[in-house]
């Protein structure tokens, strides 16, 4: 029998590869340091916010991060001073209604502008986009008079019901997603007997889920932080949203509050 000897060769990286690896390691370390720095910058205001909320009024601007003593009663006082839980629920309810209605209405309108081909479609779509150049302040008084004539002032309806008519920006964004879908999908569904609503519900919506989520999140955030419309339409403190309720607390206590 003949013995077969197998030699094992070891790979030694060249000087150029070692320099490239050191360069990659250096940039990775710099990248991690930058990420940590930005993380600290973004987290620092929230840490200070929690720290200041647990201090007494005289120590709010002190450089000490850990309060001494810790004023847990500050949170008890603010919950006793106003119905924060109800305001939080109102904001959540209005935000969900506003985000849901604008997502559904804009997706339906955008489907019409992307699928149907009719004379004047592009002109009509451009007119919809032109409404973005009209400031909301211009229509504030006419819209208020409409809601007042309907007897819906001091209700939550004016805060979300306008979204049933869509939003030009969201219509434009969703339409651009619809235009990327192959038209053959809808034509095949039409051959199988599907109606327009069925195509929108079972083809267009699932394939543009990402855009719909973006619209939902954007509108929910806008409704959650909105102060102007609740300030105009709401009168009863039990109907206040959280931004309006917090403004009411600040107006009532001013700089004398402990929170």
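If residue 191 satisfies all but one of (1) modelled with pLDDT under 95; (2) within 17 Å of the chain's Cα centre (by Cα), what's the number of the condition it fails?
(2)
Contact list please: Cβ distance under 9 Å, first residue in segment 160-182 and at negative phi, second residue outside any helix (DSSP H, G or I) and crowded, with 18+ Cβ neighbours inside 10 Å, pairs at least six apart or on different chains.
174/208; 177/208; 178/208; 180/208; 181/208
Scan segment 116-168 for residues that are crowded, with 16+ Cβ neighbours inside 10 Å, under 28 Å from residue 208 (Cα atoms) and within 22 Å of the chain's Cα centre (by Cα) and jot them down.
Across segment 116-168, the qualifying residues are 159, 160, 161, 162, 163, 166, 167, 168.
Within segment 53-72, does at least one residue satisfy the condition of being in a helix (DSSP H, G or I), touching a residue at least 60 places away in the same chain (Cβ under 8 Å) and under 30 Å from residue 245 (Cα atoms)?
yes
Taking residue 175 as the residue in question, decide whether it is modelled with pLDDT of 90 or more, farther than 19 Å from residue 100 by Cβ, in a loop (DSSP other than H, G, I, E, B) and over 18 Å from the mean Cα position of the chain (by Cα).
The answer is no for residue 175.
Assess whether residue 201 counts as being surrounded by 12 or more Cβ atoms within 10 Å (Cβ to Cβ), over 12 Å from residue 107 (Cβ atoms) and without any contact (Cβ under 8 Å) to a residue 12 or more places away in the chain.
Criteria not met by residue 201.
Need the failing condition index for residue 50 against (1) free of Cβ contacts under 8 Å to residues at least 12 places away in the same chain; (2) assigned by TED's automatic domain parsing to the domain that holds residue 172, just the number.
(2)
Go through (1) closer than 19 Å to residue 230 by Cβ; (2) surrounded by 14 or more Cβ atoms within 10 Å (Cβ to Cβ); (3) touching a residue at least 60 places away in the same chain (Cβ under 8 Å); (4) touching a helix residue (DSSP H, G or I) at 6+ places or on another chain (Cβ under 8 Å) one by one and return the number of the condition residue 93 breaks.
Exception for residue 93: condition (4).
Looking at (1) surrounded by 17 or more Cβ atoms within 10 Å (Cβ to Cβ); (2) at pLDDT below 95, which is the only condition residue 220 fails?
Of everything listed in (1) surrounded by 17 or more Cβ atoms within 10 Å (Cβ to Cβ); (2) at pLDDT below 95, residue 220 misses just condition (2).
The values are calculated or read from the model by the stated rules, or taken from the named source; none is laboratory data. The structure presented is a predicted model; accordingly, all values stated were derived computationally and were not measured. Ideal geometry is used to build each Cβ from the backbone, glycine not excepted, and the neighbour counts take in all protein chains shown.
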